[in-house]
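> I'd like to ask some things about the structure below.
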Amino acid sequence: MLRIALQSKGRLNEKSTDLLREAGISLEENSRRLLSRSPNFPMEVLYLRDDDIPQTVSCGIADLGIVGFNEVAERGYPVEVFQHLEFGKCRLSLAIPKYIEYSGPEFFEGKRIATSYPGILDRYFKERNISCEIREIAGSVEISPSIGLADGIFDIVSSGSTLVQNGLAEVEKVMDSDAVLIGTPGLCEEKMQTVRTLMSRFTSVLRSRGKKYMLVNVPNDKIEEALKIIPSMKSPTLLPLADKGWSAIHAVIDEEDVWDKADRLKQIGAEDILILSMEKLII
Ligand code: ATP
Ligand code: MG
(Lines give C-alpha, C1' and ligand atoms only; values in the text may rest on other atoms or scores of the structure.)
(Ligands and ions follow the chains in the order given, each with its own letter.)
Protein backbone atom coordinates (compact mmCIF):
# COMPACT_ATOMS: atom_id res chain seq x y z
CA MET A 1 0.00 0.00 0.00
CA LEU A 2 1.23 3.47 -0.94
CA ARG A 3 0.75 6.60 1.12
CA ILE A 4 0.49 9.87 -0.80
CA ALA A 5 0.66 13.32 0.81
CA LEU A 6 -1.61 15.99 -0.68
CA GLN A 7 -2.15 19.62 0.28
CA SER A 8 -5.04 19.74 2.77
CA LYS A 9 -6.31 23.18 1.73
CA GLY A 10 -5.18 25.77 -0.75
CA ARG A 11 -4.53 26.05 -4.42
CA LEU A 12 -3.33 22.51 -5.14
CA ASN A 13 -5.84 20.58 -3.02
CA GLU A 14 -8.74 20.39 -5.44
CA LYS A 15 -6.62 19.85 -8.55
CA SER A 16 -4.66 17.07 -6.83
CA THR A 17 -7.80 15.22 -5.70
CA ASP A 18 -9.37 15.78 -9.17
CA LEU A 19 -6.32 14.17 -10.76
CA LEU A 20 -6.61 11.10 -8.51
CA ARG A 21 -10.36 10.78 -9.19
CA GLU A 22 -9.91 11.14 -12.95
CA ALA A 23 -7.25 8.42 -12.69
CA GLY A 24 -9.97 6.17 -11.26
CA ILE A 25 -8.88 6.40 -7.62
CA SER A 26 -11.87 7.01 -5.36
CA LEU A 27 -11.40 9.10 -2.24
CA GLU A 28 -13.61 9.58 0.79
CA GLU A 29 -15.53 12.86 0.74
CA ASN A 30 -14.79 13.77 4.35
CA SER A 31 -11.74 15.96 3.80
CA ARG A 32 -11.48 16.83 7.52
CA ARG A 33 -9.80 13.50 8.12
CA LEU A 34 -6.03 13.66 8.10
CA LEU A 35 -5.64 10.18 6.63
CA SER A 36 -8.05 8.33 4.37
CA ARG A 37 -7.87 5.07 2.44
CA SER A 38 -8.99 4.69 -1.15
CA PRO A 39 -11.65 1.99 -1.41
CA ASN A 40 -10.51 0.90 -4.90
CA PHE A 41 -6.73 1.45 -5.14
CA PRO A 42 -3.92 0.37 -2.80
CA MET A 43 -3.36 3.89 -1.57
CA GLU A 44 -4.06 6.10 1.42
CA VAL A 45 -4.03 9.87 1.36
CA LEU A 46 -2.37 12.03 4.00
CA TYR A 47 -3.53 15.67 3.99
CA LEU A 48 -0.82 18.19 5.01
CA ARG A 49 0.29 21.83 4.73
CA ASP A 50 2.24 22.07 1.49
CA ASP A 51 5.35 23.25 3.39
CA ASP A 52 5.54 19.87 5.13
CA ILE A 53 5.13 17.63 2.08
CA PRO A 54 8.77 17.52 0.81
CA GLN A 55 10.17 16.49 4.21
CA THR A 56 7.39 13.95 4.86
CA VAL A 57 8.15 12.30 1.52
CA SER A 58 11.91 12.59 1.82
CA CYS A 59 11.99 10.67 5.11
CA GLY A 60 9.46 8.06 3.94
CA ILE A 61 6.48 8.88 6.20
CA ALA A 62 4.64 9.27 2.90
CA ASP A 63 5.89 7.36 -0.18
CA LEU A 64 4.59 9.98 -2.60
CA GLY A 65 3.46 13.58 -2.58
CA ILE A 66 1.93 16.17 -4.86
CA VAL A 67 3.37 19.63 -4.26
CA GLY A 68 4.55 22.72 -6.12
CA PHE A 69 8.04 22.29 -7.55
CA ASN A 70 8.88 25.62 -5.86
CA GLU A 71 8.37 24.00 -2.44
CA VAL A 72 10.62 21.06 -3.42
CA ALA A 73 13.33 23.48 -4.57
CA GLU A 74 12.98 25.68 -1.48
CA ARG A 75 13.10 22.93 1.13
CA GLY A 76 16.00 21.09 -0.50
CA TYR A 77 15.14 17.65 0.95
CA PRO A 78 16.24 14.73 -1.24
CA VAL A 79 13.21 13.40 -3.14
CA GLU A 80 12.62 11.84 -6.55
CA VAL A 81 10.66 14.06 -8.93
CA PHE A 82 8.64 11.43 -10.82
CA GLN A 83 6.32 13.53 -12.95
CA HIS A 84 5.37 17.14 -13.76
CA LEU A 85 1.58 17.39 -13.50
CA GLU A 86 0.92 20.56 -15.53
CA PHE A 87 -1.27 22.36 -13.02
CA GLY A 88 -0.38 24.99 -10.39
CA LYS A 89 1.77 26.67 -13.02
CA CYS A 90 3.51 29.80 -11.82
CA ARG A 91 6.95 31.42 -11.76
CA LEU A 92 9.14 32.83 -9.02
CA SER A 93 10.33 36.30 -9.86
CA LEU A 94 12.09 39.34 -8.49
CA ALA A 95 10.10 42.58 -8.58
CA ILE A 96 10.85 46.18 -7.65
CA PRO A 97 8.77 49.40 -7.46
CA LYS A 98 7.82 50.25 -11.01
CA TYR A 99 9.21 53.81 -10.99
CA ILE A 100 12.77 52.61 -10.24
CA GLU A 101 15.11 52.04 -13.14
CA TYR A 102 16.46 48.50 -13.39
CA SER A 103 19.94 47.72 -14.69
CA GLY A 104 20.23 43.92 -14.26
CA PRO A 105 20.69 41.49 -11.34
CA GLU A 106 23.56 43.66 -9.95
CA PHE A 107 20.84 46.16 -9.07
CA PHE A 108 20.17 44.00 -6.00
CA GLU A 109 23.70 44.34 -4.57
CA GLY A 110 23.31 45.61 -1.00
CA LYS A 111 19.51 45.77 -1.29
CA ARG A 112 16.85 44.29 1.04
CA ILE A 113 14.53 41.71 -0.52
CA ALA A 114 11.43 40.29 1.14
CA THR A 115 10.42 36.71 0.32
CA SER A 116 8.90 33.47 1.57
CA TYR A 117 11.49 31.57 -0.54
CA PRO A 118 14.87 32.51 0.99
CA GLY A 119 16.58 29.26 -0.03
CA ILE A 120 15.97 29.59 -3.78
CA LEU A 121 16.82 33.29 -3.70
CA ASP A 122 20.04 32.78 -1.73
CA ARG A 123 21.23 30.22 -4.31
CA TYR A 124 20.32 32.53 -7.19
CA PHE A 125 22.40 35.41 -5.80
CA LYS A 126 25.32 33.20 -4.66
CA GLU A 127 25.63 31.89 -8.23
CA ARG A 128 25.90 35.49 -9.41
CA ASN A 129 28.20 36.69 -6.61
CA ILE A 130 25.69 39.28 -5.48
CA SER A 131 25.26 39.94 -1.79
CA CYS A 132 22.01 41.32 -0.51
CA GLU A 133 19.88 41.12 2.61
CA ILE A 134 17.13 38.52 2.36
CA ARG A 135 14.22 39.16 4.72
CA GLU A 136 12.07 36.10 5.19
CA ILE A 137 8.39 36.83 5.71
CA ALA A 138 5.51 34.38 5.63
CA GLY A 139 2.85 36.31 3.71
CA SER A 140 1.80 39.58 2.04
CA VAL A 141 5.29 39.86 0.60
CA GLU A 142 4.12 42.25 -2.12
CA ILE A 143 3.36 45.11 0.26
CA SER A 144 6.85 45.17 1.83
CA PRO A 145 8.39 47.79 -0.52
CA SER A 146 5.50 50.25 -0.01
CA ILE A 147 5.79 50.05 3.80
CA GLY A 148 9.56 50.45 3.73
CA LEU A 149 10.37 46.90 4.76
CA ALA A 150 12.30 46.03 1.61
CA ASP A 151 13.64 47.44 -1.68
CA GLY A 152 12.27 44.57 -3.73
CA ILE A 153 10.48 41.26 -3.43
CA PHE A 154 10.90 37.69 -4.61
CA ASP A 155 7.58 35.89 -4.91
CA ILE A 156 5.22 33.67 -6.87
CA VAL A 157 3.75 35.28 -9.96
CA SER A 158 1.10 33.88 -12.26
CA SER A 159 -0.83 36.59 -14.11
CA GLY A 160 1.20 39.43 -12.59
CA SER A 161 -1.92 41.37 -11.51
CA THR A 162 -0.97 41.33 -7.79
CA LEU A 163 2.35 42.96 -8.67
CA VAL A 164 0.62 45.65 -10.74
CA GLN A 165 -1.89 46.35 -7.95
CA ASN A 166 1.03 46.95 -5.59
CA GLY A 167 2.94 49.23 -7.97
CA LEU A 168 5.64 46.63 -8.67
CA ALA A 169 7.33 45.55 -11.90
CA GLU A 170 8.67 42.03 -12.51
CA VAL A 171 12.35 42.34 -13.42
CA GLU A 172 13.84 38.80 -13.27
CA LYS A 173 12.25 35.37 -13.55
CA VAL A 174 14.24 32.97 -11.35
CA MET A 175 12.35 29.71 -11.92
CA ASP A 176 9.19 28.16 -13.38
CA SER A 177 7.07 25.85 -11.28
CA ASP A 178 4.16 23.45 -11.58
CA ALA A 179 2.78 20.72 -9.34
CA VAL A 180 4.99 17.61 -9.30
CA LEU A 181 4.60 14.02 -8.17
CA ILE A 182 7.50 13.34 -5.80
CA GLY A 183 8.58 10.12 -4.12
CA THR A 184 10.85 8.82 -1.39
CA PRO A 185 14.25 7.92 -2.89
CA GLY A 186 14.77 4.16 -3.21
CA LEU A 187 11.18 2.87 -2.88
CA CYS A 188 10.98 -0.94 -2.94
CA GLU A 189 10.07 -2.74 -6.17
CA GLU A 190 6.59 -3.65 -4.97
CA LYS A 191 5.75 0.00 -4.29
CA MET A 192 7.41 1.09 -7.54
CA GLN A 193 5.05 -1.19 -9.49
CA THR A 194 2.07 0.69 -8.06
CA VAL A 195 3.85 4.02 -8.68
CA ARG A 196 4.31 3.07 -12.35
CA THR A 197 0.61 2.18 -12.67
CA LEU A 198 -0.29 5.50 -11.08
CA MET A 199 2.04 7.47 -13.35
CA SER A 200 0.71 5.84 -16.49
CA ARG A 201 -2.85 6.68 -15.38
CA PHE A 202 -1.79 10.28 -14.71
CA THR A 203 -0.18 10.44 -18.16
CA SER A 204 -3.47 9.31 -19.74
CA VAL A 205 -5.46 11.90 -17.83
CA LEU A 206 -3.02 14.70 -18.66
CA ARG A 207 -2.90 13.73 -22.34
CA SER A 208 -6.68 13.83 -22.73
CA ARG A 209 -6.96 17.27 -21.11
CA GLY A 210 -7.50 20.00 -23.68
CA LYS A 211 -8.15 17.44 -26.44
CA LYS A 212 -11.24 16.88 -28.60
CA TYR A 213 -12.28 14.05 -30.88
CA MET A 214 -13.14 15.21 -34.39
CA LEU A 215 -15.16 13.32 -37.02
CA VAL A 216 -15.41 14.87 -40.45
CA ASN A 217 -16.73 13.71 -43.84
CA VAL A 218 -14.56 14.58 -46.83
CA PRO A 219 -14.78 13.90 -50.57
CA ASN A 220 -12.19 11.23 -51.44
CA ASP A 221 -10.23 13.56 -53.70
CA LYS A 222 -9.76 15.94 -50.77
CA ILE A 223 -8.45 13.38 -48.25
CA GLU A 224 -4.81 14.32 -48.70
CA GLU A 225 -5.50 18.00 -48.21
CA ALA A 226 -7.69 17.28 -45.18
CA LEU A 227 -4.96 15.17 -43.59
CA LYS A 228 -2.55 18.10 -43.87
CA ILE A 229 -5.02 20.21 -41.88
CA ILE A 230 -5.57 17.58 -39.17
CA PRO A 231 -2.23 15.99 -38.35
CA SER A 232 -3.14 13.40 -35.72
CA MET A 233 -1.21 11.87 -32.84
CA LYS A 234 -0.26 8.81 -34.85
CA SER A 235 -2.29 8.39 -38.00
CA PRO A 236 -5.92 9.50 -38.23
CA THR A 237 -8.61 6.84 -38.79
CA LEU A 238 -10.03 6.84 -42.31
CA LEU A 239 -13.36 5.06 -42.99
CA PRO A 240 -15.28 4.79 -46.26
CA LEU A 241 -18.86 6.10 -46.13
CA ALA A 242 -21.85 4.25 -47.65
CA ASP A 243 -22.08 7.17 -50.05
CA LYS A 244 -19.36 6.29 -52.57
CA GLY A 245 -16.77 8.99 -53.13
CA TRP A 246 -16.78 10.12 -49.49
CA SER A 247 -14.81 9.11 -46.41
CA ALA A 248 -14.88 9.94 -42.73
CA ILE A 249 -11.74 11.02 -40.90
CA HIS A 250 -11.53 10.58 -37.11
CA ALA A 251 -8.77 12.35 -35.23
CA VAL A 252 -7.76 13.69 -31.83
CA ILE A 253 -7.02 17.42 -31.94
CA ASP A 254 -6.19 20.22 -29.50
CA GLU A 255 -9.28 22.02 -28.23
CA GLU A 256 -7.77 25.40 -29.04
CA ASP A 257 -7.42 24.43 -32.74
CA VAL A 258 -11.03 23.24 -33.17
CA TRP A 259 -12.46 26.32 -34.90
CA ASP A 260 -9.43 26.98 -37.06
CA LYS A 261 -9.36 23.37 -38.35
CA ALA A 262 -13.13 23.24 -38.85
CA ASP A 263 -13.07 26.46 -40.93
CA ARG A 264 -10.21 25.21 -43.10
CA LEU A 265 -11.86 21.80 -43.61
CA LYS A 266 -15.11 23.44 -44.72
CA GLN A 267 -13.17 25.56 -47.21
CA ILE A 268 -11.91 22.41 -48.96
CA GLY A 269 -15.42 20.91 -49.12
CA ALA A 270 -15.65 18.87 -45.91
CA GLU A 271 -19.09 18.39 -44.36
CA ASP A 272 -20.72 17.22 -41.12
CA ILE A 273 -17.95 18.10 -38.72
CA LEU A 274 -18.61 16.54 -35.33
CA ILE A 275 -16.54 17.51 -32.26
CA LEU A 276 -16.81 15.23 -29.23
CA SER A 277 -15.29 15.58 -25.79
CA MET A 278 -12.65 13.04 -24.84
CA GLU A 279 -13.07 10.98 -21.70
CA LYS A 280 -9.73 9.15 -21.58
CA LEU A 281 -6.74 8.61 -23.81
CA ILE A 282 -4.93 5.46 -22.76
CA ILE A 283 -1.81 4.65 -24.69
P1 ATP B 1 -0.53 25.74 2.88
O2 ATP B 1 -1.61 26.24 3.78
O3 ATP B 1 -0.77 24.32 2.46
O4 ATP B 1 0.85 25.98 3.44
P5 ATP B 1 0.11 27.89 1.04
O6 ATP B 1 -0.69 29.08 1.45
O7 ATP B 1 1.55 27.82 1.43
O8 ATP B 1 -0.67 26.59 1.53
P9 ATP B 1 -1.01 28.06 -1.65
O10 ATP B 1 -1.23 29.53 -1.81
O11 ATP B 1 -2.18 27.17 -1.46
O12 ATP B 1 0.11 27.75 -0.54
O13 ATP B 1 -0.18 27.59 -2.94
C14 ATP B 1 0.25 26.27 -3.10
C15 ATP B 1 1.12 26.17 -4.34
O16 ATP B 1 0.35 26.54 -5.49
C17 ATP B 1 2.34 27.08 -4.38
O18 ATP B 1 3.44 26.56 -3.67
C19 ATP B 1 2.62 27.16 -5.86
O20 ATP B 1 3.30 25.99 -6.31
C21 ATP B 1 1.21 27.16 -6.43
N22 ATP B 1 0.74 28.55 -6.60
C23 ATP B 1 0.73 29.50 -5.70
N24 ATP B 1 0.24 30.66 -6.17
C25 ATP B 1 -0.10 30.42 -7.41
C26 ATP B 1 -0.69 31.20 -8.41
N27 ATP B 1 -1.00 32.48 -8.24
N28 ATP B 1 -0.94 30.60 -9.57
C29 ATP B 1 -0.65 29.32 -9.77
N30 ATP B 1 -0.06 28.52 -8.84
C31 ATP B 1 0.21 29.07 -7.69
MG1 MG C 1 2.53 26.61 2.55
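> Want the number for residue 207 to residue 277: 0.36 nm per residue separation, take away the alpha-carbon distance, what's left?
Stretched fully, the residue 207-residue 277 segment lengthens by 23.9 nm.
> Carbon and sulfur: what percent of region 108-217's accessible surface (1.4 Å probe)? Present the calculation step by step, with values, prior to reporting the outcome.
On the way: 2440 of 5260 Å².
Of all accessible area on region 108-217, carbon and sulfur atoms account for 46 percent.
> Compute the Kirkwood hydrodynamic radius of region 211-277, taking the inverse of the mean of 1/r over all pairs of distinct Cα atoms, and give it in Å to one decimal.
Radius from the Kirkwood sum: 11.6 Å.
> Looking at region 1-98 from every direction and averaging, what is the projected area of its Cα convex hull in nm²?
7.3 nm²
> Mind putting a number on the dipole of region 90-177 about its Cα centre? Charges go on the C-beta only, +1 for Lys and Arg and -1 for Asp and Glu, and I need it in Debye to the nearest 20.
About 60 debye.
> Another one. Heavy-atom accessible area of residue 188 with all protein chains present, probe 1.4 Å, nearest 10 Å²?
In the full protein context, residue 188 sits at about 70 Å².
> With +1 on each Lys and Arg Cβ and -1 on each Asp and Glu Cβ, and nothing else charged, work out how big the dipole of region 1-64 is about its Cα centre, in Debye to the nearest 20.
Its charge dipole is roughly 120 debye.
> Report the label-to-label distance for residue 259 and residue 59 in nanometres (one decimal), using points 7 Å from each Cα along the Cα→Cβ vector.
5.4 nm
> Percent of Cα-Cα pairs per 10 Å bin, from 0 to the last occupied bin, for the chain, please list those.
6, 22, 21, 20, 18, 10, 3, 0
> Could you sort 81, 141 by accessible area so the largest value comes first, with the probe set to 1.4 Å?
81, 141
> About the Cα centre, and with charges only on the beta carbon of Lys, Arg (+1) and Asp, Glu (-1), how big is the dipole of the chain? Nearest 20 debye, please. Before the final figure, lay out the partial values.
Values: 35 positive and 43 negative charges, 106 e Å.
It comes to approximately 500 debye.
> In this model, which of 211/244; 211/261; 111/173 are farther than 22 Å apart at the alpha-carbon?
211/244
> What nm distance separates the two modelled labels at residue 49 and residue 158, each placed 7 Å from Cα along Cα→Cβ?
Going from the residue 49 label point to the residue 158 one covers 2.1 nm.
> Can you give me the Cα centroid spacing of region 203-233 and region 50-75 in angstrom?
With region 203-233 and region 50-75 each reduced to a Cα centre, they are spaced 39 Å.
> Consider just the alpha-carbon atoms of region 82-192 and return their Rg together with their Dmax, both in angstrom.
Rg and Dmax of region 82-192, Cα atoms, are 16.4, 58 Å.
The values are calculated or read from the model by the stated rules, or taken from the named source; none is laboratory data. As the structure is a prediction and not an experimental result, all values here were calculated from the model. Please note: Cβ atoms are built from the backbone with ideal geometry, for glycine as well, and neighbour counts cover all protein chains shown. Side chains included, ligands, DNA and RNA excluded: accessible areas come from the protein's heavy atoms. Shrake-Rupley method; radii C 1.70, N 1.55, O 1.52, S 1.80 Å.
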